[in-house]
Amino acid sequence: MDFNELFIKYKNGTATDAEIKIVEAEIEKNKIINDYLAESLDDLFLEENTDPLEIKEQVSNKLRKNVLYSVISIILIYIFINSAISPLIDSMYYNPKKVTQGESMNDITFDMTALTELTVPSYQSKMALVNKKGYGSYDIILIRTNEFGRNEERIPIQLTRNTRAGFFDYLFSYDLETKLTEEVPFLFDYEMPLEDLKSEHNYASVFITFNNPLSLLEAVSYEQTYNQLVFQWMSIEHGTERQNEKIGFQPVKSIRTSFGDSPNKELYPLFYLNDMYLNGEKVDGPFEEVLAVNYETHVKTLLNYMIDRKTFVTVFDKNNMRLKFYEDTLSYIDKNGIKVDGMLIYGETNDLVNFIEKADVYGIQIVDMKASKYSRK
């Protein structure tokens, strides 16, 4: 008889005493085995399962780490873009904040100084304030002075990847007339403006043209002889087909702009004309002759500088033909010398009349007038 049949008889109460002892012995043995197995399972469960709070904390820590890694990744990407991509884009376009021409001043300060002197009579460029926005974009404030009105102007410009936005009156100056054609009556070109000057007792700005262009030495002679006048700007012949275009320079007595910094003096000698007084060299020869030579050096330096600053000229000058205009002008004066065909002059009206009547003047243009030399407009 097997144990199953014995266990049935045990449950039915029909088992003998010997059979009862056998079944109860087996039950006791199985109880001991079950207790042992139960203890083993409890230990195993405790090893493989943790408290729910601990599980929640582990999940939270993992989420925090993932969020932190994401934030760090975004910051690193931003830093990479601004430290690598933005400078790369900046390098592809005109950068007014760049310092390559001088030792400390930004390039646009020198660029605007040359552009203003050559093409914007009666104004002097002082400096340019530049705020770099990144990716080839800049906010610029150009600071210049109106020498006749004795006031400072601030001109805001937004530059975005070589595209200007803003009011471009930094290229604005008085509309100085070239020689009028022979069809225009002499009365309107000379006699009437002269009579107007004679009737006034004020301080005036006058642009005059000559019957025959002057050599630099002749222009310097006028400047030294009539030293009560301010020869603010001298227009020079450029020999191009664009006869309405004017280009010129500021004689030494009209210049007030000066920086401690300057472009390379070997490449661009006398970029600032008043450097002629700072080189400590002995002046050989008559002063007027030396001054005429310095004027020629100065004009050629400004033209060479503008020709070398191609991107600036393309972005900031009047039109895309200006670079060729500077090249043609330099070529012309290299072959023919510098000839002065007009002068912008400030002075008391009686002094201006005295000069005009003695000089070989073709035309007179009264540009502006004010109460006195020291009054502002």
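Laboratory data are not the source of any read-out in this text; all were calculated from the coordinates shown. None of the values given here were measured: they were computed from a predicted structure. Methodologically, a virtual Cβ is constructed for each residue, glycine included, from the backbone with ideal geometry; neighbour enumeration extends over all protein chains shown.
Per residue of region 107-119, in order, report the coupling 6.51 cos²θ - 1.76 cosθ + 1.60 (Karplus, θ = phi - 60°) as ³J(HN,Hα) in whole Hz, putting x for Gly and Pro.
With the stated coefficients, region 107-119 comes to 4, 5, 4, 5, 4, 5, 4, 5, 4, 5, 5, 6, 10 Hz.
Output wanted: per-residue J couplings in Hz (rounded whole) for region 345-362, from phi through Karplus 6.51 cos²θ - 1.76 cosθ + 1.60, θ = phi - 60°, x for Gly and Pro.
10, 9, x, 5, 4, 5, 5, 5, 4, 4, 5, 4, 6, 9, 8, 8, 8, 8
Quick one: net charge of residue 270's neighbours, Cβ under 10 Å, K/R +1, D/E -1?
Summing Lys/Arg as +1 and Asp/Glu as -1 gives 0.
So what is the relative contact order of region 232-377, in percent, for Cα pairs below 8 Å that sit 6 or more residues apart?
31
Would you grab the residues whose amide H sits under 5 Å from the one on residue 126? Only those 5+ places off in sequence or on another chain, please, with H modelled 1.01 Å from N.
143, 144, 145
Of the cross-linked pairs 253/300; 133/300; 126/373; 97/318; 132/253, which ones have a Cα-Cα span greater than 25 Å in the structure shown?
133/300; 132/253
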